[in-house]
Amino acid sequence: AATAFPLPEPIPINLNDSPREFFQLIPQEEQQCMAHSLGQVRLDEVLDGAGPTEMDAGVMVRCISQETLARTMMGFLVNQVSGLSDDTLRCVWSTLAEADLKGLFSAGDMESQLIASQALLNASLCLTDEEVARAETGAGTMGVPLAAIRCLAGRVDAESLKALFSAEQESLPVGVMVAMLECGMTMPGPKEDGGGVGGDGSGVGGVNLSA
């Protein structure tokens with residue numbers, strides 16, 4: 001079916017795997033902003049695989065628009081499912097376009113990660129059963145498969161999600177633990193780094209910039 005309104009093109013590139021290819025897919029004004037803010041020499045080092053510092057990541061995030069972040073998240077979902085229908089893409093875009101997705105690129109900002117993760121949970125509800133079934137069973141974010149993410153999205157609220165990202169996961173509310181078990185998720189152990197679910201502070205969808 002034809003889309004009811006123009007949809008931005010998803011960015012199907014994992015930033016950690018192919019930083020320069022990702023860079024080439026973002027708008028020119030964002031590229032210029034990064035080059036001006038970081039300096040071309042340092043930008044080239046980051047794009048060629050040098051781990052960005054926290055300062056580098058912060059500078060680059062400020063240059064990335066909300067639309068680009070949403071396109072990145074759309075690309076992540078498209079990759080997991082090997083394609084999404086127009087109806088699903090419209091729903092995903094409507095869900096992500098108004099959300100603050102800066103947490104995608106913020107390994108150390110718990111609140112931003114929480115907001116971005118909530119947006120991903122909401123977007124996962126847009127997928128049909130058939131699309132979720134096509135997703136790779138081992139793929140997803142926060143260390144869990146996409147099917148489990150969608151399952152969890154219908155069972156937890158923002159406060160429950162915050163508990164999952166906290167360092168005190170051994171004291172998760174009973175309702176959250178029940179939801180995780182119902183969704184086939186492994187019960188988390190304590191995280192020394194406060195990274196919450198996933199445990200590595202890697203942000204959402206494996207697309208963070210932080211070293």
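Values for this structure:
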{"quantity": "Length added when fully stretched, R20-D48, from 0.36 nm per residue minus Cα-Cα", "calculated": "9.4 nm"}
{"quantity": "Length released on extending from E98 to S37, taking residue separation times 0.36 nm less the Cα-Cα span", "calculated": "19.4 nm"}
{"quantity": "J(HN,Hα) series, the stretch 113-120, from Karplus relation 6.51 cos²θ - 1.76 cosθ + 1.60, nearest Hz, glycine and proline x", "calculated": "4, 4, 4, 5, 5, 4, 5, 5"}
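Each reported figure results from applying straightforward, stated rules to the coordinates on display, with no laboratory input. Every value quoted in this text rests on a predicted model; they were computed, and no experiment measured them.
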